[in-house]
Structures are given as C-alpha cells and as structure tokens.
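Engineer: Structure in structure tokens, see below.
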Number of protein chains: 2
Amino acid sequence: MSIKVVFLGTGGSIPTLKRGLPAVLVERWGEQIMFDCGEGVQRQMMIIRGGFHKKIKIFITHMHGDHVLGLPGVMQTMAMLNREKKLEIYGPLGITRFLECVRETLQFGLTFPVEIHEVEESGVVCEEAEYAVEAVRSNHVGSSFCYAFIEKPRPGRFSIKKALALGIPEGPLWSRLQHGQKVKFPSGEEVRPEQVLGSARRGRKIVYTGDTKPFRSLAKFATDADLLIHEATLDDELAERAREDGHSTPSQAATAAKKAKVKQLVLTHISARYEDAAILVKQARRLFRNTQAAEDFMIIELPLPDD
Amino acid sequence: MSIKVVFLGTGGSIPTLKRGLPAVLVERWGEQIMFDCGEGVQRQMMIIRGGFHKKIKIFITHMHGDHVLGLPGVMQTMAMLNREKKLEIYGPLGITRFLECVRETLQFGLTFPVEIHEVEESGVVCEEAEYAVEAVRSNHVGSSFCYAFIEKPRPGRFSIKKALALGIPEGPLWSRLQHGQKVKFPSGEEVRPEQVLGSARRGRKIVYTGDTKPFRSLAKFATDADLLIHEATLDDELAERAREDGHSTPSQAATAAKKAKVKQLVLTHISARYEDAAILVKQARRLFRNTQAAEDFMIIELPLPDD
C-alpha cells in the first residue's frame, strides 16, 4: 500500500491566496500523521476529504502561531462531530500550556481523549508496531524539532516454491511462517521462517524539517529518506536574512538532501514574496536534481518498496 | 460615500468548503469595523484585499473558538507586515485573558499597540466623532453580546440659494456655517447655521447579532436598522434543537426584523448541514420579505442616506 503525503499548507509565516499555513498529512493504511497544524488546517482537511474520525497523531515542530494555531479549531470540529478516538499530539515544551489555556479561555468540551506528549530532546518520540517517529533538535528560534516518520522493515517475501519443496501444504502453516513462527511436523522435523522467507524488506522514511536554518545533525537524521520535506523560506540571494530569521535557502535544503542521500526533496514554507516558486526549485536543482516545490493539495505517493 | 458590508465568513460552528467561520467587515471611509473573527479570517481578508494597515476595530460577540480563533493570526500577520496603527479589540470578559495566554505561549511580538476593551454590560462601548458602537446582552451561552454600528446624523444640506440671499459670499464662511459655526458680519449682524442648513440627515445603522436565541430587547436595540445581520443556524423544523443550543431559526430572525422595522435582513451563521441556504430564506420571507442569506464574500452597500 502506498503512503500518501498530502501538503495541506505550504506557505511561510503569512498565508497567501495560494498557500495556506504549514501542515503536511501522511496517510498510511487508514491512519494519519500530521506535521504542524497552522491556522485554517481544518478547512484544508475538508477540501481533501481527510475526515475527522480517523486515527491521527499530530507532531508540532515549534511553538510559533503559524505552525500551531490550527490545532484548537481541528480539535473543536472533531468534538462537534462527536469524535471518540483518542487524539495524540506531540510538540515542544509549552504545547500543553498553550492547549490548556485556549481550552480554558474558550471553554470548549471534547468528546474524545487527548494525549499530549512534550518532546524535550532528540530521540524516538513515538513507537508503534509498524513505525516509529523520531525527533531531532533543529536550529530555528527557541525550542524546535525536525521529525522523521520511519516504517519498520517488513518480513521478507514468502517463497511458495521453497515451502512446497519442504513439504508444507498451502494453508495456516504458511501464514505462521510468514509471521515469523516455526512450524513442526508430526515427525518432529522443524521448518524455520528464514528457510522460506527472503531477506527483510525495508520500510519507508519521511523527514519533515519544520522551520530551521542548516544544522549538522540533519544529514545523519535524514539519511536515505524516501522523501525530505525541507523548508526553503527565502531564496539564495536572501541567505543572510534567512540566517537571521532561522530559516533556510534552497541551496541549503539541497545540500542537506545530497548529504543525507535522500531520494527526493520537496521545498516548503515558501515565503509570501514568491508568487512562483520556480526560482527556489531552480536554485536547489543545481545541487540536488530530484527537487520540487510543494503546492497546497499536492500529493506524493510513496509505493511499498519491493526490494 | 457608501458603507460596504463584506461577509468574510458565514458558516456556523464548523466551516465548510463554501463557508468560512464567522466574520463581517464593515468598511466606512477607509476605516474597518469587524464583527467576530473566526479561524481563517486573515486569509479571507487577503481574498478581498482588505489590507492589514487600516484603522480597524474588532468586536467579538462571545468567547467561542469559532468566533475568536482568527484573532491571533490576524494580529501576527499585522505584526509581520509591520503595522504601526493601533488595533482596538472589544469583547466579553475573558478576551484579555485569551489573547494574553496565546501571546505568552506562542511568544509573538507586536509592532503596534493593542487596546482591549472588555464589554461587561449593555450600552455604548465605543464612541467616535461620526459613529458609535453599542452592545446589548444577547441570549446564547455564557456571556454574549449583539452589536450595533450607529452613524451619527450628518448636518443638514447647505442651501447655496439661502446663503447668497443672506449676502454670504462663496468661500470660508460657507464652510464655517456647514460645520455648525455662526458667522458674523462687520456690521455686527449674525447668521446662524440653521438659517442655511436643512434638517439633520440620519446616519446608517447596522446590527450584528452573533449567536443567540431570541431575546426581548433585540427589537428595540435594532429599531430602524438599515441592515440586521441575524444568525439563523438551524431551520424552523429544528427550532427545539436551536433553542437548546442557544441559536435562532429563520422565522425567529424574521420576527425580530419585523418588530424592529429594519430595512433588510441577512441570515448568517448557517449550519454546515445546509448545502443550499434557500430553505432558510424561504422560511424567513414568510414573515419578512426583504431577507437574503449571507454567502462568503457577499457585499452589501449602504449608500449615504439623502433625506
């Protein structure tokens, strides 16, 4: 099954007619992982028919309004629609306080449990059976993090030929071997999974930087990612201004992509000053060919790797 | 000069593809008066090219997220654009606390002064040379207010014929009389403004209810309004549900319009359940003919009365 990466908002700190405030939605097998949640995201969700009842985890990179002010509205709409499933929110220190004070001053009730996890340092912040989300401290203003969504490797491909050669008939025994369990014949003879399975197949990896200027550990953190979503707020000519504001240029994003040997790079958090992001893509492609600029509602599909 | 009333968001508690969250912008002679400020309003402002540097006062009817969550984003964008003019915000008790805690947890600086006025009871909340804004306690949930924008009467029409007949030559003396000042001839003889001016001309009046179920004092409060913008969240068939939630139906809005003898009625805060608001308009028109449903970006012009 493909993972769908939907760009809900691709603007910089100020929205434009074409670009909403930052949010990226990763859809995987009916579950949603959202990175950042700027003002207006609930409406962007409606436009893509994202739904408000699905299993969802939201990861906030840093506590600036343009990355977090959509959260209360999303929660309020979920409550209006009588959501029952738990909502999980991850973000830097301060996210609990922000949500508490908004809920307290606006007095809205919720119909579902909310689990808030404050991210205090780099490392795995969320571990599930099939994937993990890791954070690394980035270099914006105050406390900020990049996140990586990392699928765990899947078991190797099952060889029907080998199974039949070993005398195992089609049926529940095949399933046991596929799930990594040994099978025992009445004769006492055993067949181990590795006798019928190929080598483990790699999972997919998506890295979302949030706002940041370049920082050393990103290359390692993003190594071999299928997709690096990197901010490129200002073009190369404005590198000095970008540095002052804690932002990156296309060349800096491309350098990170190259060092990390990622498969593709998408530039986002595009400043309102660029009516057309072509200049940013051009600058990045000099260093990293497989680059494109995000647009609102753009979708990137990452098929299941079959190696 | 006409007053332009621009409907920035006409949805109920949940936005839809066609309806943003509540906000109405009154533009009068380069100044803006906004009623409510739901999530996404800054982007709606951009669509109508409303600008972020104008003189503006924002009036919040009640402290529910869908009416107030656009405020921090508007303020943040104003700051990013280096606004210098003061921003005035009026709203029920709690508005100061809400804005303080958001600014504190999201740490955004402002480039302009903000004046917050907590509205505690019915009465005039803002008085300017040419208009006033009055509040009346409405009947929603918790503390809620309706607002009326009321232009002061203008001086009567200046009669060139009468001025010339009295021997006053065209020039600065005309202007003095037009501005309500007496004029004295060297002979000692006086001309008073009322000798050359017709009777005072009425100002315009716009009433915005915010969320409310029917309440007795609205009829008086809205008397003779040029425009009554009344919520009609649910249709007549759902009157019981509307009552429970502190909302109104089209017939209730129309009844208020009729009692108050307003000139026109616009229904807004339309629930997401109505793809087409025609049913609401139909129900209201049975009781008050000059009714229409608000749509996002609809503009109503109120010309300068010339009576």
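The values are calculated or read from the model by the stated rules, or taken from the named source; none is laboratory data. These numbers come from a predicted model, not from an experiment. We place every Cβ from the backbone using ideal geometry, glycine too, and count neighbours over all the protein chains shown. Please note that ligands, DNA and RNA were not included when accessible areas were found on the heavy atoms of the full protein model with its side chains. Shrake-Rupley method; radii C 1.70, N 1.55, O 1.52, S 1.80 Å.
Engineer: In terms of solvent-accessible area of protein heavy atoms at a 1.4 angstrom probe, what is the ranking of B:K205, A:K86, highest value first?
Structural biologist: The most accessible residue leads, giving A:K86, B:K205.
Engineer: Taking amide H atoms as placed 1.01 Å from N in the peptide plane, list the residues 5 or more away in sequence, or in a different chain, whose amide H sits under 5 Å from that of A:A293.
Structural biologist: Counting only residues 5 or more places away or on other chains, the set is A:L267.
Engineer: Averaging the inverse of every distinct alpha carbon separation and then flipping it gives the Kirkwood radius. What is it for region A:82-130, in angstrom units? Display every interim value, and only then the final one.
Structural biologist: Details: mean 1/r = 0.0804 Å⁻¹.
That comes to 12.4 Å for region A:82-130.
Engineer: Identify all lysines with a Cα-Cα distance to A:K54 below 21 Å; exclude those on the same chain that are fewer than 8 residues away in sequence.
Structural biologist: Here the lysines satisfying the reach criterion relative to A:K54 are A:K4, A:K85, A:K86.
Engineer: If the reach is capped at under 21 angstrom between alpha carbons, list the lysines near B:K259, excluding any in the same chain fewer than eight residues apart.
Structural biologist: B:K259 reaches B:K205, B:K213, B:K220, B:K282.
Engineer: Express in Å², to the nearest 10, the accessible area of A:C126 obtained by rolling a 1.4 Å probe over the protein heavy atoms while all chains stay in place.
Structural biologist: The value for A:C126 is about 10 Å².
Engineer: A further question on this structure: Rank these by accessible area, largest first, 1.4 Å probe: B:H64, A:H62. Working shown, then result.
Structural biologist: On the way: B:H64 50, A:H62 0 Å².
Putting B:H64, A:H62 in descending order of accessible area: B:H64, A:H62.
Engineer: Across the residues of A:105-114, average count of Cβ atoms on other protein chains within 10 Å? Can you show the working numbers first?
Structural biologist: Working: counts 12, 10, 6, 5, 0, 0, 0, 0, 0, 0.
Partner-chain Cβ atoms within 10 Å, mean over residues of A:105-114: 3.
Engineer: Inter-copy label distances at B:A165, 7 Å along the Cα→beta-carbon direction, one decimal in nm, shortest first?
Structural biologist: 11.9
Engineer: Please identify the GluC sites (Glu not before Pro) of region B:167-250 that satisfy two criteria: DSSP loop assignment and at most 15 other Cβ atoms within 10 Å. Which are they? Kindly include the intermediate steps, with their values, before the conclusion.
Structural biologist: On the way: sites: B:E170, B:E189, B:E190, B:E194, B:E231, B:E237, B:E240, B:E244; in loops: B:E170, B:E189.
Sites meeting the loop and neighbour criteria: B:E170, B:E189.
Engineer: For chain B, evaluate the Debye formula with one uniform point scatterer on each Cα (no solvent term) and list log10 I(q)/I(0) at q = 0.15, 0.16 Å⁻¹, rounded to two decimals.
Structural biologist: Scattering profile of chain B, log10 relative to I(0): -1.11, -1.23.
Engineer: What number, in percent, do you get for the relative contact order of chain A if the mean sequence gap of Cα pairs under 8 Å and at least 6 apart is divided by its residue count? Can you show the working numbers first?
Structural biologist: On the way: 710 pairs, mean separation 54.2, N = 307.
About 18 percent, as a whole number.
Engineer: Each residue of region B:30-35 in turn: what ³J(HN,Hα) in whole Hz from Karplus with 6.51, -1.76, 1.60 and θ = phi - 60°, glycine and Pro shown as x?
Structural biologist: So the J values, rounded to whole Hz, are x, 10, 10, 10, 10, 10.
Engineer: Additional query: Determine one quarter of the surface area of the Cα convex hull of region A:38-104, which equals its mean projected area, and express it in nm² to one decimal.
Structural biologist: Working: hull surface 17.6 nm².
Averaged projected area of region A:38-104's Cα convex hull equals 4.4 nm².
Engineer: Right, here's the next one. Looking only at other chains, what is the average number of their beta-carbon atoms within 10 angstrom of each beta-carbon in B:91-104? It would help to have the intermediate numbers written out before the result.
Structural biologist: Numbers: counts 0, 0, 0, 4, 1, 1, 3, 5, 1, 2, 7, 8, 1, 4.
Average neighbour count from other chains, rounded to a whole number: 3.
Engineer: Based on DSSP H runs of at least 4 residues, each adding -39500 (n - 2.57), what is the mean residue ellipticity at 222 nm of chain A after dividing by all its residues, to the nearest 500 deg cm²/dmol? Working shown, then result.
Structural biologist: Details: 10 runs with 75 residues, N = 307.
So the helix-based figure for chain A works out to -6500 deg cm²/dmol.
Engineer: At q = 0.07, 0.09, 0.11, 0.12 Å⁻¹, what base-10 log of I(q)/I(0) does the Debye formula yield for the protein assembly as shown when every alpha carbon is treated as an equal point scatterer in vacuo?
Structural biologist: Debye intensities relative to I(0), on a log10 scale: -0.54, -0.79, -1.03, -1.15.
Engineer: Further question on the same structure: Among the residues of region A:9-48, which ones have their accessible area go down by 50 Å² or more when all the protein chains sit together, as opposed to their chain alone (1.4 Å probe)?
Structural biologist: A:I14, A:P15, A:L17, A:E39, A:R43, A:M46
Engineer: GNM, chain B, Cα, under 10 Å: largest mean-square fluctuation among B:M80, B:M34, B:M45?
Structural biologist: Between B:M80, B:M34, B:M45, it is B:M80 that shows the largest mean-square fluctuation.
Engineer: While we're on this one: Once fully extended, how much extra length lies between B:E31 and B:N290, figured as 0.36 nm per residue of separation less the alpha-carbon to alpha-carbon distance?
Structural biologist: Numbers: separation 259, 0.36 × 259 = 93.24 nm, distance 2.76 nm.
This chain segment gains 90.5 nm when fully extended.
Engineer: Enter the mean number of other protein chain beta carbons within 10 Å of the beta carbon of each residue in A:71-84, as an integer. Don't skip to the end; give the middle numbers.
Structural biologist: Working: counts 1, 6, 10, 1, 1, 7, 8, 0, 2, 5, 2, 0, 0, 0.
Taking the mean over all residues of the peptide, I get 3.
Engineer: Pull the list of chain A cysteines that no other Cys approaches to under 4.7 Å, Cβ to Cβ.
Structural biologist: Cys with no partner Cβ under 4.7 Å: A:C37, A:C126, A:C146.
Engineer: Cut-off under 17 Å on the C-alpha distance; same-chain residues fewer than 8 positions from A:K182 excluded. Which aspartates and glutamates are left, in chain and number order?
Structural biologist: Within the straight-line limit of under 17 Å, A:K182 reaches these aspartates and glutamates: A:E170, A:E190, A:E194.
Engineer: A further question follows. Taking all protein chains together and a probe of 1.4 Å, list A:R241, B:R154, A:R28 from the most accessible to the least accessible.
Structural biologist: Values: A:R241 110, B:R154 50, A:R28 20 Å².
Largest to smallest exposure gives the sequence A:R241, B:R154, A:R28.
Engineer: Now a separate question. Can you pull the Rg over Rh of region B:151-307, Cα-only, Kirkwood?
Structural biologist: Working: Rg = 23.0 Å, Rh = 18.4 Å.
Computed over Cα atoms, the ratio is 1.25.
Engineer: While we're looking at this one, here's another question. Distance in whole Å from the A-onto-B rotation axis to the closest C-beta of chain A, together with the residue it belongs to, please.
Structural biologist: For chain A, the closest residue to the axis carrying it onto B is A:C101, 2.
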